[in-house]
Amino acid sequence: MKNDRSAVASTIAALVRDAAPVVPLDPPSARVSRWALSSAAFAVLAVVFLGTRHDVASQLGRPWFAARATVTLATAIAAATAAVRLSVPGLARPLRIGAMPWALCLGWGASLAGGLVSIGSPLRLLLSASPHVSCVVCIAAIGLVPGVWLVRTLRQAEPLDVRWTGGCAGLASAASGALATQFVCSSDAPAHHLLWHFAPVVLLALAPLALAPGLFAPQGRRQRDEMKTPPWP
Amino acid sequence: MDRAQHGDEDAYVELLVQLTAATRHYARARAGAPVPWIDDVVQETLVAVHRARHTFDPSRPFAPWFYAIAGNRFVDVFRREHRVRQREVGGDAWPDWRTTLSADASPVDVDLVRKALAALPPRQREIVEAIKLREESVRDIAARLGLTVSAVKVTAHRGYRALRRALGVDLREE
């Protein structure tokens, strides 16, 4: 017992030697706002580069188009907010704050499914929908840059629930890509959006779950091990 | 914590000492029984607090921030200890090749064991010899080498595995 306590005392001594004044993180709202503004700027540039759909001006006034864009935007912002808050210990409970963006995402999917059902023969419509891999590529490519920026923002903090944080970050990035793609893709069919916009967003959002432990934890674990026990010869 | 963030060393030492006691108390309460890895939890929590100190907002309460870290480290250490216990051989079933090798064992066999021991990495050899030849307790070895008890056990397990491979025999007692 005495020797375990001397190991703790050694750890305290090592930590105090390593302690330098730190610059506290900005509040989550500031970090999310910075990410949202820079991501929006990038998305606008991407849409201009790829070319907007020919009827974007008339579509903006249509309720269905505006509602879809609003839900996608809300999903991206809610997911980024959840990820940033989860990156600060003790600020939020994962289930409580992580549920909102996923609920919005599922709501988006449900509204598309509802639109499909209202047309009739949903299964036939889904099976007959032509493949649009270009939409998936567009969503992934446009969402990649905001994703990298968000991961950098999160790594400046100390996420404890790395999978929830990574999942929310993935959802925020993918939803950003989907929002921008809506202004490029000229198809409004619910089947198309369900298969080639919504489903890829969900898959792209779940993919970071496997990467999250490596993205957010490796440096911390190595530093913890170095500070905890003496180096082996 | 606010003063520690600004580089006040005395404040930081005082904080870490208080957090040591708080973490120990918290870990004991959560474990529900005396466990040998409490100080692993303490050390990991202190290091995690050190690494995350820039994320603390002085305008918010300290306890939720600290206990989120402590809880996370507790679960991590608990899972790791559980994995180690599942992997390694229990203390009373550790191989004892001194009894497995019969009295009239050929000198070549003993030489083989010595050579296999000598071929181990220095730390593994030291720990295996301390446990099996000098019959030191794991706790004493850990104290002498400045390691945690779990680190000694894991190293011993790796040493036994390397010896089994080198000797090509099953050294478990029948």
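The values are calculated or read from the model by the stated rules, or taken from the named source; none is laboratory data. Predicted model only: the values in this text are computed from it and were never measured. A quick note on method: Cβ atoms are made from the backbone with ideal geometry, for glycine too, and the neighbour counts reach across all protein chains shown. Accessible surface is based on the protein model in full, side chains and every heavy atom, while ligands, DNA and RNA are left aside. Shrake-Rupley method; radii C 1.70, N 1.55, O 1.52, S 1.80 Å.
Using the eigenvalues of the Cα gyration tensor, what equivalent ellipsoid semi-axes result for the stretch B:106-173 when each is taken as the square root of five times the eigenvalue, whole Å, largest first?
23, 12, 10
Check each residue of the stretch A:81-107 and keep those whose accessible area, probe 1.4 Å, is at least 20 Å² smaller with all protein chains in place than in the chain alone; give them in order of residue number.
Correct list: A:88, A:89, A:90, A:91.
How much accessible area per residue does the protein assembly as shown have, in Å², with a 1.4 Å probe?
Per residue, the protein assembly as shown has an accessible area of 51 Å².
Between residue B:21 and residue A:121, what is the label-to-label distance in nm when each label sits 7 Å out along the Cα-to-Cβ direction?
It is 7.7 nm.
Shielding of B:138-144 by partners, i.e. mean partner chain Cβ atoms within 10 Å per residue?
2
Binning every alpha carbon pair distance of chain A at 10 Å from zero, what are the percents per bin?
Bins of 10 Å from zero give 8, 28, 29, 17, 9, 5, 3, 0 percent of pairs.
Using a Gaussian network model on chain A with a 10 Å cutoff between Cα atoms, which of A:114, A:143, A:98 fluctuates the most?
A:114
Could you run the Debye sum over the Cα atoms of the stretch B:2-93, one equal point scatterer each and no solvent, and tell me log10 of I(q)/I(0) at q = 0.14, 0.17, 0.19, 0.25 Å⁻¹, two decimals?
-0.55, -0.75, -0.88, -1.31
Pop out the carbon and sulfur fraction of the accessible area of the protein assembly as shown as a percent, whole number, probe 1.4 Å.
Solvent-exposed carbon and sulfur of the protein assembly as shown make up 61 percent of the total.
What list of ³J(HN,Hα) couplings, whole Hz, do you get for the stretch A:53-62 from phi and the Karplus terms 6.51, -1.76, 1.60, once you set θ to phi - 60° and write x for glycine and proline?
Per-residue couplings from phi come out as 5, 5, 10, 4, 4, 6, 5, 4, x, 8 Hz.
For the stretch B:37-84, what does the equivalent ellipsoid look like in terms of its semi-axes, each the square root of 5 times an eigenvalue of the Cα gyration tensor, given largest first in whole Å?
One finds semi-axes of 23, 10, 8 Å for the stretch B:37-84.
Per residue and in cubic angstrom, what volume does the convex hull of the Cα atoms of the stretch A:74-121 have?
57
To the nearest 500 deg cm²/dmol, what mean residue ellipticity at 222 nm is calculated for the protein assembly as shown from DSSP H runs of n ≥ 4 alone, each contributing -39,500 (n - 2.57), summed and divided by the residues?
So the calculated ellipticity at 222 nm is -24000 deg cm²/dmol.
Report the A-B buried area as the accessible area lost on both sides summed, probe 1.4 Å, in Å² to the nearest 100.
3600
Test of understanding: express the Cα radius of gyration of the protein assembly as shown as a ratio to 2.2 N^0.38 Å, with N the residue count.
1.31
For the stretch A:164-214, state the semi-axes of the equivalent ellipsoid (square roots of 5 times the eigenvalues of the alpha-carbon gyration tensor), sorted largest first and rounded to whole angstrom.
So the three semi-axes of the stretch A:164-214 are 24, 10, 6 Å.
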